[in-house]
1. Residues in the stretch 291-319 that are in contact with a helix residue (DSSP H, G or I) (Cβ under 7 Å, 6 or more places away or on another chain), away from the ligand (no atom under 15 Å from the Cβ) and within 17 Å of CYS275 (Cα to Cα): how many?
2. Can you tell me which residue among GLY214, GLY228 is within 17 Å of ILE117 (Cα to Cα), in a strand (DSSP E or B), at pLDDT 95 or above and of a type in the set (Gly, Ala, Ser)?
3. Could you tell me whether any residue of the stretch 234-248 is within 14 Å of the ligand (Cβ to nearest atom), more than 38 Å from the chain's Cα centre (by Cα) and open to solvent by 60 Å² or more (accessible area, probe 1.4 Å)?
4. Name the residues in the stretch 283-322 that are in a loop (DSSP other than H, G, I, E, B) and either surrounded by fewer than 19 Cβ atoms within 10 Å (Cβ to Cβ) or of a type in the set (Asp, Glu) (or both), would you?
5. Considering only residues that are among the β-branched types (Val, Ile, Thr) and open to solvent by 60 Å² or more (accessible area, probe 1.4 Å), which ones fall in the stretch 216-233?
6. Collect the residues in the stretch 165-181 that are touching a residue at least 60 places away in the same chain (Cβ under 8 Å), part of a helix (DSSP H, G or I) and not β-branched (Val, Ile, Thr), keeping them in residue-number order.
7. Examine the stretch 192-201 for a residue that is free of Cβ contacts under 8 Å to residues at least 24 places away in the same chain and either more than 20 Å from ASN292 (Cβ to Cβ) or open to solvent by less than 20 Å² (accessible area, probe 1.4 Å) (or both), and state whether such a residue exists.
8. Look through the stretch 264-282, keep the residues that are open to solvent by 10 Å² or more (accessible area, probe 1.4 Å) and assigned to a strand (DSSP E or B), and return whichever of them is farthest from MET223 (Cα to Cα).
Amino acid sequence: MQAQLNRILEEAKTQLQAAETLAQVDEIRVKVLGKKGQLTEILRGMGKLSPEERKVTGQMANTVRAEIEGLLEEKFEAVKKAAKEAQFAAEKIDVTEPGKETTVGVKHPVTITIEEISKVFMNMGFSIVEGPEVETVFNNFDGLNAGPNHPARDMTDTFYITENDILLRTQTSTVQVRTLQKQQPPIKVIAPGRTFRCDTPDATHSPMFHQIEGLVVDEGITMADLKGTLDSFAKQLFGPETKTKFRPHHFPFTEPSAEMDVSCFKCGGKGCRVCKGSGWIEILGCGMVHPNVLKVGNIDTEKYTGFAFGIGVERVAMLKYGVDDIRLFYENDMRFINQFK
Ligand code: DAH
């Protein structure tokens, strides 16, 4: 039995030496001193011994227990201290370390341009509405008075999602149809968004680009309202000296239709590289809303008239910022984008 006690003591010593965590130390305590521990078992078995043996073994058992308790206590403290030290080391702050640089993002020039144009129209009382990029053929063509034989509907011009019904919108004019079907006059909205056409990318073409659509419908709206609104817009965006000029054009959803040119903001109209020597820059398409389009929204065409316009965002951004290749907008090159801080 005494040999057994010695073994228990030696074993406990070796194990305690190897123990690294509080849990491990406690495990050893339970194994030796716990209710079913090795030492407890021995003390329980002492009843079978002769009084002589019991005395000697009892004394020895007590010594061994005291020693093991001492060792446990010591190890507990040591492990606790080591854990604290490790924590301190881990939490140590090196105040001499240089700070981490946080990079602040900048707005994309297309976003800046959309925001600038939108602000001008919001100040004139327009609300902003939006439509989806995946659209119905009806909202993109038929509802806009572009019937089945219109050339823009060709597979080579338009990305179709399904053969006959669904496509990627080629123009934000789709939002005209959506708005007219949802809302009765007075209507005064702009609709910025992404548009898609089957174009091979080059310096001035991209299969994805942005437009801002405008639509005004009310009693007594005339071409004078169209010209006044868009002339004021041009002066607010390009400067008070800006002049505007309306050239006849054709769009299926407006009649009459026009394109608006602004006097070149670079040379003031004398002629330069930006305006290709003409003194004028084409900026948007516009016109009086065709009655067929108003009818799509069940709007009384005897009572109401309206005008609409569509602005190419990248075109305005390229002119304003002197960007000579539209593809630069989509390359995500931070050296390009950071210039618009
Ligand atoms: N949707 C036309 C285009 O993509 C632009 C346009 C022209 C919109 C005249 C209009 C408008 O609302 O009245 O070329």
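The values are calculated or read from the model by the stated rules, or taken from the named source; none is laboratory data. Not measured: the values here are computed from a predicted model. Quick reminder, even Gly has a Cβ in these numbers, built from the backbone with ideal geometry, and neighbours come from all protein chains shown. These accessible areas exclude ligands, DNA and RNA; they are computed on the full protein's heavy atoms, side chains included. Shrake-Rupley method; radii C 1.70, N 1.55, O 1.52, S 1.80 Å.
1. Residues meeting the conditions: 2.
2. Exactly one of GLY214, GLY228 is within 17 Å of ILE117 (Cα to Cα), in a strand (DSSP E or B), at pLDDT 95 or above and of a type in the set (Gly, Ala, Ser), namely GLY214.
3. yes
4. ASN298, ASP300, THR301, GLU302, LYS303, GLY322
5. Once the filter is applied, which keeps residues that are among the β-branched types (Val, Ile, Thr) and open to solvent by 60 Å² or more (accessible area, probe 1.4 Å), the stretch 216-233 yields only THR222.
6. GLN176, LEU180, GLN181
7. Yes, that holds for at least one residue.
8. TRP280
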